[in-house]
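The values are calculated or read from the model by the stated rules, or taken from the named source; none is laboratory data. Values in this document were obtained by computation on a predicted structure and should not be read as measured data. Here Cβ is always computed from backbone atoms with ideal geometry, including for glycine, and neighbour counts include all displayed protein chains. Areas reflect the complete protein model, heavy atoms only, side chains present, ligands, DNA and RNA absent. Shrake-Rupley method; radii C 1.70, N 1.55, O 1.52, S 1.80 Å.
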Amino acid sequence: MFQVESLVLLNEKLNKDSYRMVIDSAEIASEAKPGQFLMVRITEINDPLFRRPFSIFRRTVTKFNSLGVEIVYKIVGRATRLMSKLRPGDKLDIIGPLGHGFELRKDRKTHILIGGGTGIATLFMLGEEIAKENNLDLFILIGAKNKDSVIVEKDFRSLNAHVMVSTDDGTYGYHGLVTEMFLDLLENKSISTDCTVYASGPESMLKRLVLICKKFNLDGQIAMERRMMCGFGACLSCVCKIDPNHISNKRDLNSSYIQIIPGSKFGYALTCKDGPVFDMEEVIFDE
C-alpha cells in the first residue's frame, strides 16, 4: 500500500456521465492486482472531507513511458462531479492498492466475467490475466441500462474472449438483465457448467446471480460495493454480512477483520480489508 501524490494524465468522457481517468503512479501500478481499489482525495482541500473508492480498471504505460493506472467512474454525486472537471496536470492524493482481489481458478477451463454498469470495469485486469492463458475459455457478459450507457466494451473485445452485451431496454444486444442473459446461456448449454464466475455490479444483480449459480452448482467470486471512508479498516463503515459456516473455510480468522457473533447465523466482515472480493458462498444478502 502506498500514499502518493499523482498527476492526472487523462480524464476522458465515455458517455453522458461516465469517465476514464489515467493516473501516473508507477508504485501503485506495480503492485495492483485484479479487483483491488484506490482511495482518492478529490481536491487539495478537505472538501469533500472523505476520500472516494475507485476500482482499478487496468495498468497502463503513460506518455512519460512510466507505469500508471486507469480508473473508470460515473458521476453519482458532488465528489465525482468535481472529479470529472479535473484536467491533465492536476494532482490527486491516492492511497492504494487496497483490498483483497480476485483469485484466478486455473483448475477450471471456462471463466465467466459478469459486470453490471460501471462494475464491469472492476473485471478488466482479471480478464487480461485469463486471456493470457491460452488454454482457458473466457466469456465476458456486460450489462447496462441502454445502448448509450454501455462502457469499455471495445477494451474487452480486444481480449481473446467471447463478449456479450445486454441492455435492460433492448436497445443493444440481449434484451434484459445481464443475469437473465447468463441464465439463458446456461439453460441453452451455450456455456459449460464446468466453469467459475467472477462478478461485479449492483447488489441486486449479485444477489440474483448467486441464486443462479446455486441452481447450477457453480462457484464464483463477487466484488461487493459498500460506502467507504478510509479504505483500510479504521472507520468500520463498510461492513457486510458473512456466513460463519463458509467464511472460515479459506481464511485465517485470526489475521482478518471478520467478527463472528456467537450463536448467530451470520457475522460481519470489512469490505475494504476482507474484500471487496468474496467467494459467493461467504456473503449473506439482506432480504
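Pairs with C-alpha atoms separated by more than 32 Å, drawn from the list K132/K214; K16/K63; K33/K241; K63/K109; K154/K250, are K63/K109; K154/K250. Averaging the Cα positions of each part gives two centres, and for the stretch 141-166 and the stretch 60-123 these lie 16 Å apart. How about the stretch 120-221: which GluC sites (Glu not before Pro) there lie in a loop by DSSP and see at most 15 other Cβ atoms within 10 Å? Taking the stretch 120-221 and a limit of 15 other Cβ atoms within 10 Å, the loop GluC sites (Glu not before Pro) found are E133. Over every Cα atom in the stretch 190-287, the radius of gyration and the widest Cα-Cα span, Dmax, amount to 13.7, 45 Å. Would you mind classifying the stretch 108-172 by shape? Square roots of the alpha carbon gyration tensor eigenvalues, ordered a ≥ b ≥ c; an a/c under 1.5 is rounded, otherwise it is prolate if a/b is larger than b/c and oblate if not. Since a/c reaches 1.5 and a/b is larger than b/c, the shape of the stretch 108-172 is classed as prolate.
For the chain, calculate the relative contact order in percent as a whole number, restricting contacts to Cα pairs under 8 Å that are 6 or more residues apart.
Numbers: 642 pairs, mean separation 48.1, N = 287.
Relative contact order for the chain comes out at 17 percent.
Using the heavy atoms of the protein chains and a 1.4 angstrom probe, tell me the accessible area per residue for the chain in square angstrom. Present the calculation step by step, with values, prior to reporting the outcome.
Working: 13870 Å² over 287 residues.
Here the per-residue accessible area is 48 Å².
Suppose accessible area is computed on protein heavy atoms with a 1.4 Å probe; arrange H100, H111 from highest to lowest.
Numbers: H100 60, H111 0 Å².
Of H100, H111, the descending order of accessible area is H100, H111.
Output the relative contact order of the stretch 96-187, whole-number percent, from Cα pairs under 8 angstrom with separation of 6+ residues. Averaging sequence separation for qualifying contacts and normalising by length gives 24 percent for the stretch 96-187. On the chain, 47 percent of the accessible area sits on carbon and sulfur atoms, based on a 1.4 Å probe.
Relative contact order, whole percent, for the stretch 1-109 stands at 39, derived from Cα pairs under 8 Å and 6 or more residues apart. Exposed loop sites here mean trypsin sites (Lys or Arg not before Pro) with a DSSP loop assignment and at most 13 other beta-carbon atoms within 10 Å; the chain contains its longest site-free run at 17-62.
Over every pair of different alpha-carbon atoms in the chain, take the mean of 1/r and invert it; report that Kirkwood radius in Å.
Values: mean 1/r = 0.0514 Å⁻¹.
This gives a value of 19.4 Å.
Judged by a Cβ-Cβ distance under 4.7 Å, the unpaired cysteines of the chain are C195, C213, C238, C240, C272. In terms of overall dimensions, the stretch 1-54 has a Cα radius of gyration and Dmax of 12.3, 33 angstrom.
Only helices enter the 222 nm calculation for the chain: every DSSP H run of n ≥ 4 contributes -39,500 (n - 2.57), and dividing by all residues gives -5000 deg cm²/dmol, rounded to 500. Less than 5 angstrom separates the built amide H of V239 from those of T271, all sequence-distant by 5 or more or on a different chain. In the chain, a dipole from Cβ-located charges (positive for Lys and Arg, negative for Asp and Glu) runs towards its positive end, and of G201, I222, V152 it is V152 whose Cα lies farthest in that direction.
Tell me, what does the Kirkwood hydrodynamic radius of the stretch 35-91 come to in angstroms if you use every pair of distinct C-alpha atoms? Please list the in-between numbers first.
On the way: mean 1/r = 0.0799 Å⁻¹.
Final number for the Kirkwood radius of the stretch 35-91 is 12.5 Å.
Rg and Dmax over the alpha-carbon atoms of the stretch 199-254 stand at 13.4, 38 Å.
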